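Encoded as structure tokens, the structure appears first; notes follow it.
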Amino acid sequence: MLKANGLTKKYGAFTALNALDLEIGEGDIFCLLGANGAGKSTTINLFLNFIEPTNGNATINDMDVSKHPLETKQILSYIPENLMLYPNLTGLENLDFFCGLGGKNYSKDELDTLLQQSGLQTHFINKRVQNYSKGMRQKVGIALARAREAKVLLLDEPTSGLDPKASNEFSELLLEMKDKGVTTLMATHDLFRAKDTGTHIGIMKEGVLVEKFESKDVSFQDLEKLYLKHMHN
Amino acid sequence: MKTSIRIAKKEIKIALREKLVLTLSCIILVLLGISLYTGVIAYQQQQKTITNAQEEKREEWLGQGDKHPHIAAHFGTFIFKPKTVLSLFDFGLDTYTGTSVYLEAHYQHQFMFRPAQDHSSMIRFGELSSALVLQILMPLLIIFLAYASFTKEKERGTLRLLSSQGVTLTSIAWGKILAYFIILLVILVPFALGLLLLSYWLKTPDTVADLGIRIVLLGSTYMAYIFIFVVLSVLVSLKSSISRNALLTLLTCWILFTIIIPKTIANLGESLYPLPSMKIYKEAILKDKADGLDGKTPRAERMTKLEKELLTKHKVDSVQQLPFNYEGVRMQAGEEYGDKVYDVHWGRLLNIFNKQNKLGSYVSVVNPYIALRNISMGLSATDLNASIDFQKKVENYRRIFIKKMNDDMAENSEYGKFYEYSVGLDMWKSVEDFTYKTPSIYTTLKKYALELASLFCWTIALILFLNYITRKTKPTNG
């Protein structure tokens, strides 16, 4: 579903991402681990076509994202570390607006249900987003992904800063979407969440994918050791 | 298009919830209302004064009693410049060009009663006309409305979310432009309707030629101007990294466009093409009348030559034997020579005015404010060209009026019996009242071709540039 072929991004002499080869199958949750500046967000941005690759290419559903930016975005949903919505609109209005942009039109009741299913408390649905916590905004993001019936989720540290309960709820929603065949690429610092939620894990360091394995093949302790080994080297 | 409309709806909803936009819009609407109200008051007062004075002067002219036509030519009359209905909207140079002129034989008097003379220095700097509000304050509202159109999205992170939905920056930009345009229309439509109703209610004399076309063109050029500022503001916001930079850039543009460039060009025009002082101008005319345009044929010589020519032509020995009153012919000849001298000096003055104006026209290519200001005054018939046209028509009227008096004297009176001859009411009635109609819209548009081309090119260039930039820009690197 998601493929990176020799994907490279350079900023002058600095290489942010170096020849990344990656393949993520349908329904997989691939968690990218790494320190700040390891190239996780660069990878996400390249798949979103927010930046142009220096070399190589990124494909979604066999479509090169650079050549088919609109088509690929039709099937993906993106949730950044801090999902920002329009503060002067309510959660429901934000969801309605973003759904409409993707050509999905829902009734007020359907939007209401989507937000509730994504864990947003009922009495907040019609309140302006300026009163929302970060976790509540992330839930609107999940509702948006559901509403858009996204086949691909690109998540850039989506649980960073969330309290454990909200983080857990978020993971449950991801697993629920996985069961529906949604493919996820998630950049995260959270080893526990990666092990708990991900089907595959990759460790990045200085723009290079140094490890790649299935999550079931390692215990949490092994994962931690492996991660720290790479970070210390 | 659907996407842009959806974005526009969202922008309008947010704008309505943001109090700053509402407050600014209300301020502009109030200012437009005040300017329109003061325009109507000024128009009504001046129109009333003009009508009363004109009637009074006509009565004086008709009731002057029996007298010699040349004395009547010096008794003279006053002509009043009619206010055009469009001066409600754009006062233009009306405040500075004077409202009445005294007509008499031999002299071309200057216009008197310039309203600016009666005002304080603050008013002289620029009266609050609706045109001024739309030309100078409306761009400020647009800047405050749109400076953060993209920077706020970038700062909040919503631009990335928008782009991740498969929405192009081009669609986002046009959605925002559409929204701002609709918000501005909400302000402008009631104002335009008010203006139209007022012009109908005031039922003014038909002074302005092609009024309907002028109104449509005024509306279109102002729309183009507003569009230019909206697109420019959105473009600057798109290319700025933070809102503060966008606001500073746009305010700098506004100051350059509306204050610095126009003042600099006006000063430069005066320095490059200086106008003679009124004293020097009048003295030069008097000198040329006395010494001749070539400086070698004084008045007495010209009159002797005329006398000789007439005596030869009519084969007589003295002016008394001529079949007409030589005094009348001599006076008319002197009048015509004076007109010739006046035309030469007035032509030189016009040439300087034209050079100064052309400089402004050239600069309008890089400054849409100057382009619109000139077009607006032109279409409202309150510009220098309208004033010059009025002065030319008044001068023609004066010449016909004086010629009528001189011709009557030549044809009907006897040489040497000046005070014995007089005419009365029938003669005074035969001098028709002065009526004025502005130049046609075609003539006006020809004068402002460069300014119109400038607004058109700015509009097209900004559309093309916006489409190009939005295609080339990534949402992450505004």
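Every number in this text was worked out from the coordinates using simple rules, so none of it is lab data. Quick caveat: nothing in here was measured; it's all calculated off a predicted structure. Please note: Cβ atoms are built from the backbone with ideal geometry, for glycine as well, and neighbour counts cover all protein chains shown.
A straight Cα-to-Cα reach below 16 Å connects B:K154 with the aspartates and glutamates A:E81, B:E11, residues fewer than 8 places away in its own chain not being considered. Helix B:326-363 versus the longest principal axis of chain B: what angle, 0 to 90°, nearest 10, using Cα atoms? Computed tilt is about 10 degrees.
Tell me the Kirkwood radius of the stretch A:1-59: reciprocal of the mean inverse pair distance over distinct alpha-carbon atoms, in Å.
Numbers: mean 1/r = 0.0857 Å⁻¹.
By the Kirkwood definition, the hydrodynamic radius is 11.7 Å.
Computed log10 I(q)/I(0) for the stretch B:260-411 at 0.13, 0.14, 0.15 Å⁻¹: -0.77, -0.83, -0.90, from the Debye equation with unit scatterers placed on every C-alpha and solvent omitted.
Histogrammed with a bin width of 5 Å, the alpha carbon distances of chain A distribute as 1, 7, 15, 18, 19, 16, 12, 7, 4, 1, 0 percent, first bin at zero. Within 10 Å of the Cβ of each residue in A:93-101, the mean number of Cβ atoms contributed by other protein chains is 5. The share of Cα pairs per 10 Å bin across the protein assembly as shown, counted from zero up to the longest distance, runs 3, 12, 17, 15, 12, 10, 9, 7, 6, 4, 3, 2, 0, 0 percent. Overall dimensions of the stretch B:175-245, expressed as equivalent-ellipsoid semi-axes from the Cα gyration tensor (√(5λ), whole Å, largest first), are 34, 13, 9. Karplus-derived 3J(HN,Hα) values for the stretch B:386-395, using 6.51 cos²θ - 1.76 cosθ + 1.60 with θ = phi - 60°, are 5, 5, 5, 4, 4, 4, 4, 5, 5, 5 Hz; glycine and proline are entered as x.
Counting Cβ atoms of other protein chains within 10 Å of each residue's Cβ and taking the mean over peptide B:153-163 gives 5.
What is the Cα radius of gyration of the stretch A:87-149 over 2.2 N^0.38 Å, N being its residue count?
Working: Rg = 10.2 Å, N = 63, 2.2 N^0.38 = 10.6 Å.
Rounded to two decimals, the normalised Rg is 0.96.
Rg and Dmax, both from the Cα atoms of the stretch B:236-319 and both in Å, are 30.3, 94. Here the convex hull built on the C-alpha positions of the stretch B:344-478 has a volume of 134 cubic angstrom per residue.
When you look at the Cβ of every residue in A:72-85, what mean number of other chain Cβ atoms sits within 10 Å?
Details: counts 1, 6, 2, 1, 3, 3, 5, 2, 4, 1, 2, 4, 8, 4.
Neighbouring Cβ atoms belonging to other protein chains average 3 per residue here.
Distance between the pseudo-spin-label points of B:L311 and B:M1 (7 Å out from Cα toward the beta carbon): 8.7 nm. The share of alpha-carbon pairs in chain B lying farther apart than 33 Å comes to 51%.
Cross-link check: pairs A:K180/A:K212; B:K282/B:K393; B:K9/B:K239; A:K195/B:K2; A:K212/B:K2 evaluated at a Cα-Cα cut-off of 32 Å; pairs beyond the cut-off: A:K195/B:K2; A:K212/B:K2. Of the two radii for the stretch A:5-98, the radius of gyration is 1.01 times the Kirkwood radius, both from the alpha carbons; that is the Rg over Rh value.
Divide, for the stretch B:158-294, the radius of gyration over alpha carbons by 2.2 N^0.38 Å, where N is the residue count. Don't skip to the end; give the middle numbers.
Numbers: Rg = 24.8 Å, N = 137, 2.2 N^0.38 = 14.3 Å.
Rg over 2.2 N^0.38 Å, computed on Cα atoms: 1.74.
Principal axis extents of the C-alpha atoms in the stretch B:134-178 (largest first, rounded to whole Å): 38, 20, 8.
Cross-link reach is defined here as a Cα-Cα straight distance under 16 Å, omitting same-chain residues fewer than 8 places apart; for A:K216 the aspartates and glutamates meeting it are A:D28, A:D196, A:E224.
Using R₀ = 30 Å, calculate the FRET efficiency as 1/(1 + (r/R₀)^6) where r is the Cβ-Cβ separation of B:T443 and B:Y200; round to 0.05.
Efficiency computed from Cβ-Cβ geometry: 0.70.
Given just the C-alpha atoms of the stretch A:148-233, how large is their convex hull per residue in cubic angstrom? Before the final figure, lay out each step's value.
Working: hull volume 9.5 nm³, N = 86.
Cα-based convex hull of the stretch A:148-233, divided per residue, equals 110 Å³.
Each Cα pair under 8 Å and six or more residues apart adds its sequence gap; the mean of these over the residue count of chain B is a relative contact order of 26 percent. Here the Karplus relation 6.51 cos²θ - 1.76 cosθ + 1.60, evaluated at θ = phi - 60°, turns the backbone of the stretch A:82-95 into coupling constants of 10, 5, 9, 10, 7, x, 8, 10, 7, x, 5, 5, 4, 4 Hz, with x for every Gly and Pro.
Full extension of the segment from A:E176 to A:Q117, taken as 0.36 nm per residue of separation minus the current Cα-Cα distance, would add 20.1 nm. Taking label points 7 Å from Cα along the Cα-to-Cβ direction, A:K216 and B:E420 give a separation of 13.8 nm.
When the listed pairs A:K10/B:K474; A:K139/B:K152; A:K10/A:K151; B:K308/B:K417; B:K404/B:K429; B:K13/B:K176 are checked against a 18 Å cut-off, the alpha-carbon distance exceeds it for A:K139/B:K152; A:K10/A:K151; B:K308/B:K417. Remark: the stretch A:149-165, residue by residue, has Karplus-estimated 3J(HN,Hα) of 6, 5, 8, 10, 10, 10, 10, 10, 6, x, 9, 4, x, 7, 6, x, 5 Hz, where x stands for each Gly or Pro and the curve is 6.51 cos²θ - 1.76 cosθ + 1.60 at θ = phi - 60°.
Using DSSP, restrict attention to beta bridges with both residues in the protein assembly as shown and report what percent are antiparallel, rounded to the nearest 5. Bridges in the protein assembly as shown are about 60 percent antiparallel.
Counting other C-beta atoms within 10 Å, and keeping those with at most 12, which DSSP coil trypsin sites (Lys or Arg not before Pro) do you find in the stretch A:5-92? It would help to have the intermediate numbers written out before the result.
Values: sites: A:K9, A:K10, A:K40, A:K67, A:K73; in loops: A:K67.
Passing sites in the stretch A:5-92 are A:K67.
Taking label points 7 Å from Cα along the Cα-to-Cβ direction, B:V366 and A:N55 give a separation of 4.6 nm. Loop only per DSSP, at most 16 neighbouring Cβ atoms within 10 Å: give me the GluC sites (Glu not before Pro) in the stretch B:400-478, ordered by residue number. Filter output for the stretch B:400-478: B:E414, B:E420, B:E432.
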